[in-house]
Amino acid sequence: MKFEPQLHKLSNGLTVILDPMDVASTCVTVCFDTGSRDESPNEYGITHFCEHMLCEGTKRFNSFSSINDFIENKSGAWNASTSDNYLQLYGRIIHENTDALLDVFSDMIQNSVFDLNKIEKERGSILDELRRAQDNERRQELDFINNKLLNGQFSSYRTLGTAENIKSFTPKQLKQWIASRISAKNCVICVSGKIESPDKLLKQIQMRYAFMPSHPVAKKSETARYTPGTGHLTFADKNNITATIAVPELWKKSKENVFPRMCVSRFESWFNKNLYETLRQDKGLVYGIKKFSYGPDSLRLTGLQTTARPETLQTVLATIAQTANTLYNEKHITPEFLARLRNGFKLGDADFLESNEKRVNRLVFNYLDFGELYDFYSTVEMSESMTVDDVIKYSRGYFERPVSIITAGANHNVDVMSVWQENSGNLSQTKQLSISKERECR
């Protein structure tokens with residue numbers, strides 16, 4: 001399966017990526033580089049509310065059901081989503097009906113009817129969505145981490161908004177907001193799949209989206225601040241404790257840092273493998289180890305999570321700290337482990353090449369993040385050329401940044417930071433208890 005995407009810029013500034021594949025379907029994404037990142041606190045939730053209204057009917061399709069029925073009758077499926085950074089409409093359809101999906105998305109963007117009755121209906125649905133999120137223990141745990149370590153700046157509910165905001169948005173506010181954020185200049189349209197005539201498809205896109213204005217859309221830059229520490233969130237009905245060990249990412253997400261970030265990822269895989277063998281296979285203390293990642297791109301936290309009983313928590317944390325010290329300073333990653341990782345990645349690479357859904361997502365988000373086409377073959381080459389020395393070089397500093405330990409679940413009386421410091425040897429936790437502004441992220 002080949003990967004030969006083509007980048008096009010239309011006269012109104014719209015970016016189009018066509019990704020031909022030898023399959024029977026196409027995936028279509030229309031994505032705008034805007035989200036809750038660009039909202040002020042009294043606006044949190046407004047992009048998400050607008051996303052709901054884009055799906056609630058147009059002059060041509062008078063309801064969500066009408067849109068859905070039309071696409072299903074064309075052998076397609078679709079959805080929409082909002083995040084901190086993006087607002088998107090996306091779907092998959094048999095290739096001969098690709099234009100039908102492009103047509104519907106164009107109509108939704110251009111002609112959605114922000115009817116007052118539908119706004120009130122969706123207001124109730126969004127409030128229910130918010131309540132369900134607030135009842136989710138995983139979200140509660142992430143918000144606890146946000147409040148403890150990121151000074152409450154990046155609530156997991158930010159995209160959904162606050163109940164107060166959701167209740168306050170007027171039709172005028174919603175229409176003005178979506179009009180201000182929709183522009184050809186912050187939009188990427190990507191089609192991955194069966195494309196019999198790229199020229200014809202490009203002309204169809206140009207015709208369907210010629211209406212889109214070309215005004216500039218400002219993006220807010222966010223400054224993150226990390227306050228290392230510990231904390232416990234009690235869930236009275238739990239028998240286990242989730243332990244999160246977190247540090248700030250060493251390398252900020254950028255085009256220049258792709259290779260260093262890959263190297264750190266290999267170090268984390270090595271670390272977690274050794275922990276798993278010790279904690280699960282040798283001692284039977286935990287069921288598993290998983291990677292932890294949370295926060296904004298400007299200062300993302302990374303690390304690991306595992307679970308333990310209250311009576312084994314101290315032993316688990318001590319073992320993690322001892323293993324961290326050994327792996328960081330003595331037992332470095334081996335060529336054999338790197339080779340095994342590379343062999344494992346080959347199946348994932350095949351999955352990527354064979355899936356238009358995965359390809360369309362990678363192409364869109366890579367372009368919005370870095371302003372260029374995703375280079376699959378270059379990425380594979382970087383992975384295959386990586387050496388043990390590369391991994392050691394780019395993962396230096398991983399545990400030299402201040403570590404935070406957050407627990408959630410059953411109560412315990414373990415002084416988690418003392419356990420870490422007593423067992424982590426010459427790691428630099430005791431030397432640096434705060435991060436200077438200059439070192440917040442490389």
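Brief remarks follow.
- Residues located in the stretch 134-150, provided they are assigned to a loop (DSSP other than H, G, I, E, B) and open to solvent by 60 Å² or more (accessible area, probe 1.4 Å): 136
- Scanning the stretch 298-318 for residues that are at pLDDT 95 or above and assigned to a helix (DSSP H, G or I) gives 310, 311, 312, 313, 314, 315, 316, 317, 318.
- The single condition from (1) under 27 Å from the mean Cα position of the chain (by Cα); (2) modelled with pLDDT of 95 or more; (3) part of a helix (DSSP H, G or I) that residue 191 fails is (3).
- Taken over the stretch 64-81, the residue count meeting the criterion of being under 18 Å from residue 124 (Cβ atoms) and either modelled with pLDDT under 95 or surrounded by 14 or more Cβ atoms within 10 Å (Cβ to Cβ) (or both) is 1.
- Count of the stretch 28-47 residues which are under 16 Å from the mean Cα position of the chain (by Cα) and not small (Gly, Ala, Ser): 5
- The stretch 72-105, residues that are free of Cβ contacts under 8 Å to residues at least 40 places away in the same chain and either over 26 Å from residue 35 (Cα atoms) or more than 25 Å from the chain's Cα centre (by Cα) (or both): 72, 73, 74, 75, 76, 96, 97, 100
- Looking at 306, 278, just one residue is over 22 Å from residue 142 (Cα atoms) and of a type in the set (Ser, Thr, Tyr), and that residue is 278.
- Criterion: surrounded by 18 or more Cβ atoms within 10 Å (Cβ to Cβ) and either part of a helix (DSSP H, G or I) or touching a strand residue (DSSP E or B) at 6+ places or on another chain (Cβ under 9 Å) (or both) - qualifying residue of 180, 156: 156
- Considered as a group, the residues in the stretch 331-386 that are within 26 Å of residue 187 (Cβ to Cβ), polar (S, T, N, Q) and within 22 Å of the chain's Cα centre (by Cα) include one that is most open to solvent (accessible area, probe 1.4 Å), and that residue is 361.
- Across the stretch 95-114, not a single residue is classified as open to solvent by 60 Å² or more (accessible area, probe 1.4 Å) and among the aliphatic types (A, V, I, L, M).
- Checked against (1) surrounded by 15 or more Cβ atoms within 10 Å (Cβ to Cβ); (2) closer than 19 Å to residue 300 by Cα, residue 396 passes all but condition (1).
- Filter result (assigned to a helix (DSSP H, G or I) and of a type in the set (S, T, N, Q)) within the stretch 372-390: 378, 379, 383, 385
- Among (1) at pLDDT below 95; (2) within 27 Å of the chain's Cα centre (by Cα); (3) part of a helix (DSSP H, G or I) - the single one residue 327 does not satisfy: (2)
- Yes/no for residue 283 being among the basic types (Lys, Arg), at pLDDT 95 or above and open to solvent by 10 Å² or more (accessible area, probe 1.4 Å): no
- In the stretch 1-109, counting only strands (runs of 3 or more DSSP E) that sit wholly within it, the ones holding 3 or more residues that are in contact with a strand residue (DSSP E or B) (Cβ under 6 Å, 6 or more places away or on another chain) and of a type in the set (Ser, Thr, Tyr) span 25-32.
The values are calculated or read from the model by the stated rules, or taken from the named source; none is laboratory data. Predicted model only: the values in this text are computed from it and were never measured. Every residue, glycine as well, gets a Cβ built from its backbone with ideal geometry; the counts of neighbours run over all protein chains shown. These accessible areas exclude ligands, DNA and RNA; they are computed on the full protein's heavy atoms, side chains included. Shrake-Rupley method; radii C 1.70, N 1.55, O 1.52, S 1.80 Å.
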